[in-house]
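Right, one structure below, let's go through it.
Only the coordinates and a few stated rules stand behind these numbers; no lab work does. Treat the numbers as computed from the prediction; the structure is a model and nothing was measured. Using ideal geometry, Cβ is built from the backbone for each residue, glycine included, and neighbour counts are taken over all protein chains shown.
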Amino acid sequence: MQLPHGPRPAPSPYTPRQQQLLRAIADTIVPGSTDYAVPGAGDDRIFADLLIIADAHASALGGLLDRIDQFASEHHRCGFLEVSQDDRLSTAEAFRAAYPNDTTLLETLVIQVYYRDDRVMRSLDMEVRPPFPKGFVVEDGDWALLDPVRARPEFYVKTP
Amino acid sequence: MSDDPVDVLIIGAGAAGAAVAWSLVETRMKIVCLEQGGFMNPMTYPSTGRDWEARTSGDFSISPNTRQLEADYPVNDDASPIKVANFNAVGGSTILYAGQFPRFHPSDFRVRSLDGVADDWPIDFATLEPYYALNDRVMGVAGLQGDPANPPRDSISMPPLPLGKAGQAVVRGLNQLGWHWWPSDVAIATERFDGRERCINLGTCVSGCAQGAKASTDITYWPQAMRGGVELRPHCRVREITVNDDGMATGVIYVNADGQEQALQAHVVIVACNGIGTPRLLLNSKSARFPDGLANSSGLVGKNLMFHPYAAVQGVFDEPLDGYQGPHKGIQSQEFYETDKSRGFVRGYTFEYSRGMGPVATGLTGLAQGRVPWGADHHTSYRKLFKRVTSLVALCEDLPEEHNRVSLDPDLTDSDGIPAPRIEYKLSENSMKMLDHAVARGTEALQCAGATDTFSLSPIGFSGWHLMGTARMGRDPRRSVVNEWGRSHDVKNLFIVDGSIFVTSAAVNPTSTIQALALYVGDQIKNRLANLFD
């Protein structure tokens with residue numbers, strides 16, 4: 001898939017650790033699934049897309065990633081990346097519960113890139129393309145369903 | 001620097017500005033329209049790319065405070081539970097609207113007489129009816145005659161939008177309850193119309209229609225108006241309207257596309273900047289003659305701000321529905337439109353159905369509602385929602401209250417240093433009761449339709465699409481800003497044609513009525529040219 005924003009033109013505003021944190025947390029929010037044959041959000045291609053759109057949000061998101069890392073340290077005596085895979089979800093969820101409004105941006109960016117990945121779209125029986133120019137077909141439906149309403153008398157309020 | 005004087009200056013190239021410009025072409029007057037935004041290129045709309053959903057959080061957000069494009073000005077809506085939505089471009093907010101195009105009811109013009117609240121309009125439904133019909137012919141409306149909830153009409157240009165799986169599910173529930181529903185009037189071409197192609201169900205109406213099936217004024221009125229001689233100048237932001245010692249408008253000062261301040265003289269000034277932009281401009285146009293803002297001897301410029309408080313009920317179904325495919329709108333129920341005081345509130349609401357959500361919106365909504373978790377269970381839970389959700393959205397009539405208002409922010413300005421608008425708004429008790437009723441009825445309807453689960457959101461915060469009432473129409477100069485044909489009581493060559501002149505909000509989307517009013521005012525100007533300033 002050609003990434004919507006093209007190849008990265010400049011160095012990332014995120015530190016190497018922040019990039020690793022972003023990848024790990026994204027993969028915690030949406031892990032891969034063999035049942036549904038889909039990658040996780042930390043997958044190479046999906047993460048590359050995420051890193052591009054996260055560029056514009058570096059000051060807010062970088063700070064959030066550091067806070068999650070710090071939160072993990074306070075609860076596990078090690079940073080988030082050092083927490084076991086099994087404990088990463090509970091740690092991330094505990095952070096979200098403690099700071100419910102703070103993870104909205106992170107969720108938004110992860111979901112935005114995840115659900116436009118080719119493999120994910122195919123797993124949802126979506127055609128891998130933008131809506132335009134092909135469009136979609138919507139069934140016209142059974143207009144006999146309108147018959148009960150057609151039978152009603154006018155009921156709007158008339159004015160002189 | 002000044003341009004040559006013009007006969008008519010229109011400020012704003014949206015729904016109303018386009019309609020009045022088109023109307024005045026036949027006068028052969030020199031007409032110029034200044035618009036702070038630019039011409040849109042449909043080939044750059046979100047639906048043309050794979051990031052089509054993400055862009056609705058960015059450059060195609062409904063909120064000017066999120067978009068922050070060059071054409072946008074900030075709006076301080078911190079003191080309002082309903083956040084302002086708009087779009088600044090040739091076409092205005094019709095670029096982003098859903099195309100839902102119902103007309104007012106006759107009762108909407110007589111709320112004071114009928115229900116003892118708000119005020120009566122100085123005109124009635126019959127006055128506007130021919131202008132509704134004219135506007136429909138230019139914009140192109142799809143729908144169906146015979147709706148018992150509305151006055152009969154002669155014709156509708158095109159057949160209604162498809163019901164789809166989602167529509168059929170919803171109307172089965174409404175039928176079970178014996179409630180009204182009807183295919184809504186929509187300004188969306190369901191057949192080839194006036195050189196435009198028919199709708200191909202992109203599902204991205206509210207982020208611009210790349211197909212050109214949805215009627216925005218950049219592809220309807222403006223091409224005809226410009227061919228007729230109207231000069232449209234994009235990227236020109238009006239700072240203030242100027243007046244002379246006789247209290248007549250003399251033109252404007254504006255910032256042009258090069259960032260230079262210019263003056264443009266005009267014999268007639270028509271303001272079409274919407275219910276937030278118009279009072280902002282008038283309040284920014286202070287002078288010795290008008291120290292409280294232009295045309296504001298009543299003190300009502302900016303006051304009586306009306307939104308349409310919205311509530312939504314989502315229903316989750318076991319069977320797949322339409323999801324992101326197809327226009328968002330297409331069906332409405334006006335079962336609870338007219339006043340029934342036994343409900344505990346006056347006036348009423350329209351239910352619109354909202355067809356479905358795209359894959360990203362499904363994920364974000366599911367996460368926000370707690371239906372879709374983080375972790376391994378994400379995928380199974382997500383798939384219970386994807387293409388299985390449809391909604392009933394209630395558009396509630398808002399009553400005019402003077403404390404709901406637009407004023408000038410003391411600190412915030414736009415990129416040209418022009419003071420930004422500040423919104424103060426509170427939901428009334430009447431609105432709160434109406435919203436509660438709508439949530440209960442919407443839940444009932446979706447459960448009857450077969451929804452296995454429902455979720456409500458009330459009021460919807462980012463729902464300030466409809467901006468009305470802030471320069472209201474009336475016969476009494478002490479109780480209104482413009483007269484019964486849209487002319488300022490105070491400034492005899494100043495007209496206003498957008499939603500700010502609304503006296504009541506009705507319980508329907510305002511664009512059809514905004515444009516009908518603009519055409520009506522245009523005709524009034526043409527009919528009175530010989531004594532327009534008397």
Which of these, A:92, A:24, A:144, has the largest mean-square fluctuation under a Gaussian network model of chain A (Cα springs below 10 Å)?
A:144
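Classify the range B:413-534 from the C-alpha gyration tensor, please: rounded if a/c falls under 1.5, else prolate or oblate depending on whether a/b exceeds b/c.
Values: a/c = 2.77, a/b = 2.04, b/c = 1.36.
Prolate is the answer for the range B:413-534, as a/c is 1.5 or above and a/b outweighs b/c.
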Binning at 10 angstrom from zero up to the longest distance, how are the C-alpha pair distances of chain A distributed in percent?
9, 30, 25, 13, 9, 9, 5, 0
What list of ³J(HN,Hα) couplings, whole Hz, do you get for the range B:343-353 from phi and the Karplus terms 6.51, -1.76, 1.60, once you set θ to phi - 60° and write x for glycine and proline?
7, x, 8, 9, 6, x, 9, 10, 8, 9, 9
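Given the rule -39500 (n - 2.57) for each run of at least 4 DSSP H residues, summed and divided by the residues of chain A, what is its mean residue ellipticity at 222 nm, to the nearest 500 deg cm²/dmol? Walk me through the numbers before you get to the answer.
Working: 7 runs with 79 residues, N = 160.
Helix-only estimate at 222 nm: -15000 deg cm²/dmol.
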Range of Cα positions in the range B:30-71 per principal axis (Å), largest first
44, 24, 13
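What trypsin sites (Lys or Arg not before Pro) in the range B:72-170 are in a loop by DSSP, with at most 10 other Cβ atoms within 10 Å of the Cβ?
On the way: sites: B:83, B:103, B:110, B:112, B:137, B:153, B:165; in loops: B:83, B:103, B:153.
Here no trypsin sites (Lys or Arg not before Pro) fit, given the DSSP loop and packing criteria.
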May I have the pair-distance distribution P(r) for the range B:195-337, computed from all Cα-Cα distances with 10 Å bins from 0 and rounded to whole percent?
8, 24, 26, 22, 14, 5, 1
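For chain A, what is the charge dipole size about the Cα centre, in debye to the nearest 20, if Lys and Arg each add +1 at the Cβ and Asp and Glu each add -1 at the Cβ? Could you put the intermediate results ahead of the total?
Numbers: 16 positive and 24 negative charges, 86 e Å.
Charge dipole of chain A: 420 debye, to the nearest 20.
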Once you have all Cα-Cα distances for the range B:274-382, histogram them in 10 Å bins from zero and send the whole-percent values.
11, 24, 19, 23, 16, 6, 1
Kindly express, to the nearest 10 degrees and within the range 0 to 90, the angle between helix B:15-24's C-alpha long axis and the longest C-alpha principal axis of chain B.
50 degrees
Residues whose placed amide H lies under 5 Å from that of residue B:270, excluding near-sequence neighbours:
B:9, B:10, B:11, B:495
Compute a Gaussian network model of chain A, connecting alpha carbons closer than 10 Å, and tell me which residue from A:114, A:36, A:14 fluctuates the most.
A:36
log₁₀ of I(q)/I(0) at q = 0.10, 0.12, 0.13 Å⁻¹ - chain B, Debye sum with one point per alpha carbon
-0.75, -1.10, -1.30
Debye intensity ratio in log₁₀ form over the Cα atoms of the range B:316-473, taken at each q of 0.10, 0.14, 0.16 Å⁻¹
-0.51, -0.87, -1.01
With angles folded into 0 to 90 degrees, how steeply does helix B:164-177 sit against the dominant principal axis of chain B? Use alpha carbons for both and round to 10.
80 degrees
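Which whole-number percent of Cα pairs in the range B:94-247 have a distance greater than 20 Å?
63 percent
Residue B:294: net charge of surrounding residues, Cβ under 12 Å, Lys/Arg +1, Asp/Glu -1, itself excluded? Before the final figure, lay out the partial values.
On the way: positive: B:280, B:286, B:289; negative: B:240, B:292, B:490.
Surrounding charge for residue B:294 is 0.
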Row for the range A:27-95, column shape: gyration tensor on C-alpha, a ≥ b ≥ c, rounded if a/c < 1.5 i.e. under 1.5, prolate if a/b over b/c, else oblate; value oblate
For chain B, calculated [θ]222 nm from helices alone, where every DSSP H run of n ≥ 4 adds -39500 (n - 2.57)
-7000 deg cm²/dmol
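Determine the equivalent ellipsoid of the range B:362-436 by diagonalising the alpha-carbon gyration tensor, then write out the semi-axes as square roots of 5 times the eigenvalues, largest first, rounded to whole Å.
Semi-axes from the Cα gyration tensor: 39, 22, 10 Å.
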How long, wide and thick is the range B:197-269, going by the Cα atoms along their three principal axes, in whole angstroms, largest first?
55, 26, 20
Viscosity 0.890 mPa s, temperature 25 °C: what is the translational diffusion coefficient of the protein assembly as shown from Stokes-Einstein with a Kirkwood Rh over Cα pairs, rounded to a whole number of µm²/s?
93 µm²/s
Calculate how steeply helix B:359-369 sits against the longest principal axis of the alpha-carbon atoms of chain B, using the helix alpha-carbon long axis, and give the answer as 0 to 90 degrees to the nearest 10.
80 degrees
